[in-house]
Amino acid sequence: MIILAPISSVCALAFAAYLAMKVMKLEEGTAEMSKISLAVRMGSDAYLKRQYLSVGIFFCVMFVVLLVLAWLGFITIFVPFAFVTGGFFSGLSGYIGMKVATHANVRTTNACITSLNSGLRVAFNSGTVIGLVVVSLGLLDVSFWYYLLNWYYTSVQPAASDALRIQSITSAMLTFGMGASTMALFARVGGGIFTKAADVGADLVGKIEAGIPEDDPRNPAVIADNVGDNVGDIAGMGSDLYESYVGSIIASAALATAAGLGESGVALPIAIASVGVLASMFGTFLVRTGENADQSKLLSALRSGVYSSSLIIAVASYFLIRATLGAGSLGVYFSVLIGLVAGNFIGFATEYFTSDAYNPVRELAQTSTTGAATVIIGGLSLGMLSTAMPVIIVAIVVISSFLLSGGANNYSLGLYGVAISAVGMLSTLGITLATDAYGPIADNAGGIAEMADLPDEVREKTDALDALGNTTAATGKGFAIGSAALTALALIAAYKEEIELIALRKNIDFNFDLSILNPPVLIGMFVGGMLPFVFSSMTMKAVGRTAQSIVVEVRRQFNEIKGLMEGTAEPDYKRCVDICTQNAQKEIVLPAVIAIASPIIVGLLLGVNAVAGMLCGATVSGFMMAEMMSNAGGAWDNAKKHIEAGKGNLGGKGSDNHKAAVVGDTVGDPFKDTSGPSIDILIKLLSMVSIVFASLTLQLALMK
């Protein structure tokens, strides 16, 4: 079954390459359109080049640290190299996604000159490339390490029993997830700071002070804003979901041994993910729409691909589970189904609270009649309420998958069921991420249409695609956060199993005491619950400080460049891109250090029981805070667009209601695109670091 992973990966990469070449052959349009797209592309390349240089230095330092720990006997020699490959593939998936997106934006704009369906196909095909690259590289990484470690423990250490061989393989595989998590943190937080600082700065001076439209070429920050869509919502999101994807697979594999499932239990999540890649490829052919389609028809076009992929996985998983675990494993199959369905329900819940097709956003738009303050109050209230449904869904998934898979009789088997439900939820990632990545591409296409002064009918088509992209992006963030919560729970279980395995191997007399009345556990829960708040504070402040720099620069250019407001002079776009790039790299350091150092410090000071408490506290508070911030931000954004579209008799663009909604949207930008989505990486990275340094914290804490 495991051979399916490299086969499906190669097929997906080949299909992605075909789609990429198909998109690249399309015309870019006018010379002005090409010029604007080139500026966005160059800005994105410059940012990622600087970011990857900074991240490369950090990875070199961590590689040396892990190498020393391996030499001292705290970890295996495979860990430093697994850490590097995890980070490399995570970064590569984000980089490829960004390169495709920055070439696709102008081609989407040009396709909209022909028809709405043409524009949808170009944007979605480009998003499909991104989605398939993420899942195929993730499976390649997983299969590479499985085959390498299996060869090592079979040929180099043949004396080991089958159970010990599988334990050693899955234990080492867990560690490359730390590299993926670390890369995702840098990509998501750095990209989020960049994109929202540029967006907030452009809106504050352009829309509110100068009264010029969004994406107006006179605004010096407008190119930086478009660059930010790519480095944050494409490269960052790609690395983020790569991490969740491989994390759920390897957590399930690690729990399989404790559940008594052996190599078959390890093969199952890899096989389900492999079929999911092929199903996602099939689903992409069903995404198309007619001309003059409204939002509901456009959304239905995207959903048809996701639903068809889900159906294929639902059917195929039954036969995969029977082939690997036997006919008596129907409960594990239902765990997969529950995860698969739950992913769609979380998407629905997010859409309900963030789309203006439903009452919550419409009511939020109405609060603009009494000013910006009531818009902000209403958005915060909406975001807090929106946490209820995802939490209930995840709770149902956890208890159902635990009991159905046999948790009442075999605790470890129940935990395996929880982990496999996360694999089920993420099995459609290839096409789910395609619908999410489609959004920033459509957003950039609309910006190019505005800056190139294309006819109104073209902008109407790009606006329709952009509005749909806002909904899919919000839904994608909800899906990412929900899947991160399930993955984090699986990783916490894997952490417990890893500690017990280390204690057994090293003959350490240790037993977990995870009672909440145990002081270290209680302290750990408080520390973990606090971390998402501190992390969010740092990232929000980072956006604020960088946005202030952009505001000062945009004001300076408006005042000093003669003819800029009249449209006879060109702004210095490069300066705003440079400011965002430099500040994003500087501001990311402290949040990253806190995320990586916290589990180690807590483990050394209070022991591994406290670390388990910290992971639980961070997962609970982080899940709800991420949902609240992302949904509040998405609701503010779509409330503003609801008014701009002239709905609800609220005055349209330029009205007092619109200005109030712009303030709410400006507050919501770092909520939904920086802090909120970054928290889901935080809770997974905490678990990954805890697992990698489990042996160190266990042995040194016991020495005190």
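The values are calculated or read from the model by the stated rules, or taken from the named source; none is laboratory data. In this text, all values refer to a predicted model and were calculated from it rather than measured experimentally. All Cβ positions, glycine included, derive from the backbone under ideal geometry; neighbour counts span all protein chains shown. Accessible surface areas use protein heavy atoms only, side chains included; no ligands, DNA or RNA. Shrake-Rupley method; radii C 1.70, N 1.55, O 1.52, S 1.80 Å.
Structure data summary
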read-out: Tally, over the stretch 1-23, of residues that are part of a helix (DSSP H, G or I), open to solvent by 80 Å² or more (accessible area, probe 1.4 Å) and not charged (D, E, K, R); value: 4
read-out: Given (1) over 26 Å from the mean Cα position of the chain (by Cα); (2) open to solvent by 80 Å² or more (accessible area, probe 1.4 Å), index of the condition residue 26 fails; value: (2)
read-out: Number of the condition not met by residue 222 [criteria: (1) of a type in the set (Val, Ile, Thr); (2) at pLDDT below 80; (3) touching a Cys at 6+ places or on another chain (Cβ under 9 Å)]; value: (2)
read-out: Test: residue in the stretch 275-294 that is open to solvent by 30 Å² or more (accessible area, probe 1.4 Å), modelled with pLDDT under 85 and part of a helix (DSSP H, G or I); value: yes
read-out: Residue 264 small (Gly, Ala, Ser), open to solvent by 10 Å² or more (accessible area, probe 1.4 Å), at pLDDT 80 or above and under 30 Å from residue 165 (Cα atoms); value: yes
read-out: Residue count, the stretch 421-435 (criterion: open to solvent by less than 10 Å² (accessible area, probe 1.4 Å) and within 25 Å of residue 27 (Cα to Cα)); value: 1
read-out: Scope the stretch 1-38; condition among the polar types (S, T, N, Q) and at positive phi; matching residues; value: none
read-out: Residue within the stretch 629-651 that is closer than 20 Å to residue 477 by Cα, under 18 Å from the mean Cα position of the chain (by Cα), open to solvent by less than 10 Å² (accessible area, probe 1.4 Å) and of a type in the set (D, E, K, R) present; value: no
read-out: Residue match in the stretch 480-497 (condition: charged (D, E, K, R) and over 30 Å from residue 605 (Cβ atoms)); value: no
read-out: Options 674, 697, 619; residue that is polar (S, T, N, Q), touching a Gly at 6+ places or on another chain (Cβ under 6 Å), within 30 Å of residue 512 (Cα to Cα) and in contact (Cβ under 8 Å) with a residue 40 or more places away in the chain; value: 697
read-out: Top-ranked residue of the stretch 652-669 - restricted to ones that are in contact (Cβ under 8 Å) with a residue 40 or more places away in the chain and not in a helix (DSSP H, G or I), ranked as surrounded by the most Cβ atoms within 10 Å (Cβ to Cβ); value: 653
read-out: Unique match (being closer than 27 Å to residue 126 by Cα, part of a helix (DSSP H, G or I) and either in contact with a helix residue (DSSP H, G or I) (Cβ under 9 Å, 6 or more places away or on another chain) or open to solvent by 40 Å² or more (accessible area, probe 1.4 Å) (or both)) among 299, 337, 255, 320; value: 299
read-out: Some residue of the stretch 608-623 being open to solvent by less than 10 Å² (accessible area, probe 1.4 Å), at pLDDT below 90 and touching a helix residue (DSSP H, G or I) at 6+ places or on another chain (Cβ under 7 Å); value: yes
read-out: Count - residues of the stretch 29-38 that are in contact (Cβ under 8 Å) with a residue 60 or more places away in the chain and surrounded by fewer than 19 Cβ atoms within 10 Å (Cβ to Cβ); value: 3
read-out: Hits in the stretch 516-561 (condition: surrounded by 15 or more Cβ atoms within 10 Å (Cβ to Cβ), over 28 Å from residue 592 (Cα atoms) and without any contact (Cβ under 8 Å) to a residue 60 or more places away in the chain); value: 561
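The rows are residues; the columns are (1) closer than 24 Å to residue 320 by Cβ; (2) in a helix (DSSP H, G or I); (3) touching an Asp or Glu at 6+ places or on another chain (Cβ under 6 Å).
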residue	(1), (2), (3)
401	yes, yes, no
420	yes, yes, no
447	no, yes, yes
464	no, yes, no
